[in-house]
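Quick notes on the structure that follows.
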Amino acid sequence: MQKESVIKVEHITKTFGLTKALTDVSLEIGYGEIRGLIGENGSGKSTLASMIVGTGHPDSGEMWYRGEKHNPKNMLESKEKKINILIQENGTINGLTVAENMFLGKESTFSKSGNVNKRRLIEEGSKALARIGAGHINAADRIEKLSFEDRKLVEVAVAMYNEPEVLFVDETTTALSQKGRELIYKLMDEMREAGKTIVFISHDMAELERMCDSISVLRDGHFVGTLQKEEITQDTLKRMMIGRELTGDYYRGDYEMSYQEEVVLEVDNVTWGETVQDISFQLHKGEILGLGGLTECGMHELCKIIFGAIKPDSGSVHLTDGTKITSPSSAIKSKIAYMPKDRDLESLFLATSIKDNIVMASMDKIKKGFFIPPRAEKELADEHAGKLEVKMQNTSQYVRELSGGNKQKVVVAKWMANGSEILLMDCPTRGIDIGVKAAIYRLMEQLKKEGKSIIMVSEEMPELLGMSDRIIVMKDGKQTGEFERSEVLSEHDLIHAML
Ligand SMILES: Nc1ncnc2c1ncn2[C@@H]1O[C@H](COP(=O)(O)OP(=O)(O)OP(=O)(O)O)[C@@H](O)[C@H]1O
């Protein structure tokens, strides 16, 4: 019997075919602790979590929970022991109501002689949502009516429903607005105060620093070490993650606003309800135009309007030759690419290979008549997966087998490969580790040099300041500021326009 830690794992090893996801990992996590878990994409964080929550099983090694041997057969068993997880991917199912999603598999609790009492189901769902501070969500609504953020909050309510002793938060916060994040932080603080434990997986070092009592680092499936609160610095974390000092500039080295005179795209007085109100601007050849603001300011929707995926109530998006963008197919024909923020849902085919996903948008570029040469497909996929350092066996591997961050890289690779002239990138580095973030920035610079134009929507101010030639800031659907690239432009200037 061991009782000093709530979770203890010793010598855990896990392989998937040729991939060694975890090698001899040992660590202990205490009661009433928020433990961060950090490591590059594919370093084994989610795999370790899956061993403890029972969705995966170690090849060797031992695990203990509250001093008892712990070998959960499945997630249900660990849930009964009050170990829950909030996952990175979407965990709700279309076609059902919010409440039905929340109590999936537990309908019998709300049934009498085989009939589900829907009113009770909705009442219980509403209570659980209110309990986490998400009372604005209607438990009777169909889940697909909800925004991505609210769907995530439904999952949070489910994870908190049985009052867990241990909660894994796996890359959940990066997809949320500040409001959604704060809601989760508050729940985490409350759990810690009650002596419960949180394992917090994130690439956002600032939030890990803020929230965690200690942070453990994984590198390539190996446990590197654990830092206590007073030892945590971003430089130390980076060194432990990467195994060397991270040198060189992360963002652009120049402070000049530099693009060509030629305008490639015009957004004219675009309005969509209250979400986007009378927005106009021009995008130039070779320009990186940043669009910033709080998540709900309308910038994500504006990006969809530019791609033709949302039809505005008034105004238009057009190229300088007058071609109007009215649908995604007209956008693609005009060589406009769109990289959505919510990448799993909107842009990957998980049950096909990395290669198929990458070349999908580039068929016109590589096909010879009606023939698509397999070699050209493979070369294109290899080149771009290589540039983005996708951690994989080869490009024939299924996308569903990749870690979350590596899936994101495949989406980025797909749009980098297709030779579009205008790239709409909505939060291009979300969920991507620091090493590859730098590679994406270098690719953006290269595209700029080639005369391609980029609209980058971002919630990260250092990224906006570090990469954009110009920054347009939005608030409550309206444009509240426009800033030119300069050495003296600061986060403070942007914040002023955002709030
Ligand atoms: N079901 C699977 N089949 C094959 N390989 C897998 C499977 N699950 C995980 N892997 C591999 O194991 C390695 C570790 O993946 P894991 O998801 O644990 O990484 P991670 O640290 O959580 O990454 P990220 O930060 O990108 O989410 C990766 O190389 C991944 O491709």
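The values are calculated or read from the model by the stated rules, or taken from the named source; none is laboratory data. Because the structure is predicted, anything quoted here is derived from the model rather than measured. Reconstructed Cβ throughout: ideal geometry from the backbone, glycine too, with neighbour counts over all protein chains shown.
Remarks
- Within region 445-499, the set of residues being among the β-branched types (V, I, T) and touching a Leu at 6+ places or on another chain (Cβ under 9 Å) comprises I454, I455, V457, I471, I472, V473.
- Qualifying positions in region 321-334 - surrounded by 12 or more Cβ atoms within 10 Å (Cβ to Cβ) and of a type in the set (S, T, Y): T323, T326, S327, S330, S334
- Checking each residue in region 204-220 for being at pLDDT below 90 and either within 24 Å of D24 (Cβ to Cβ) or of a type in the set (G, A, S) (or both) picks out A206, D220.
Yes/no per residue for (1) within 17 Å of the chain's Cα centre (by Cα); (2) closer than 30 Å to T15 by Cβ; (3) away from the ligand (no atom under 12 Å from the Cβ):
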| position | (1), (2), (3) |
| --- | --- |
| S403 | yes, yes, no |
| A413 | yes, yes, yes |
| P428 | yes, no, yes |
| E445 | no, no, yes |
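- In region 170-209, the residues that are surrounded by fewer than 20 Cβ atoms within 10 Å (Cβ to Cβ) and basic (K, R): K179, R181, K186, R192
- When V457, V436, V473 are checked against the criterion of being touching a residue at least 40 places away in the same chain (Cβ under 8 Å), assigned by TED's automatic domain parsing to the domain that holds D268 and more than 17 Å from the chain's Cα centre (by Cα), V473 stands alone in meeting it.
- Elements of type helices (runs of 4 or more DSSP H) contained in region 136-217, each with 1 or more residues being among the polar types (S, T, N, Q): 178-193
- Residue in region 59-90 that is nearest to D342 (Cα to Cα), counting only those that are of a type in the set (G, A, S) and surrounded by 16 or more Cβ atoms within 10 Å (Cβ to Cβ): S78
- Pair list, Cβ < 9 Å and 6+ apart or interchain, from region 42-63 residues that are in the same structural domain as F200 (by TED's automatic domain parsing) to residues that are among the acidic types (D, E) and near the ligand (Cβ under 7 Å from one of its atoms): G42/D433; S43/D433; K45/E171; S46/E171
- Where a residue in region 373-396 is without any contact (Cβ under 8 Å) to a residue 12 or more places away in the chain and its partner, wherever it lies, is among the aliphatic types (A, V, I, L, M) and more than 12 Å from the ligand (Cβ to nearest atom), with Cβ under 7 Å and at least six apart: P373/I366; A376/I366
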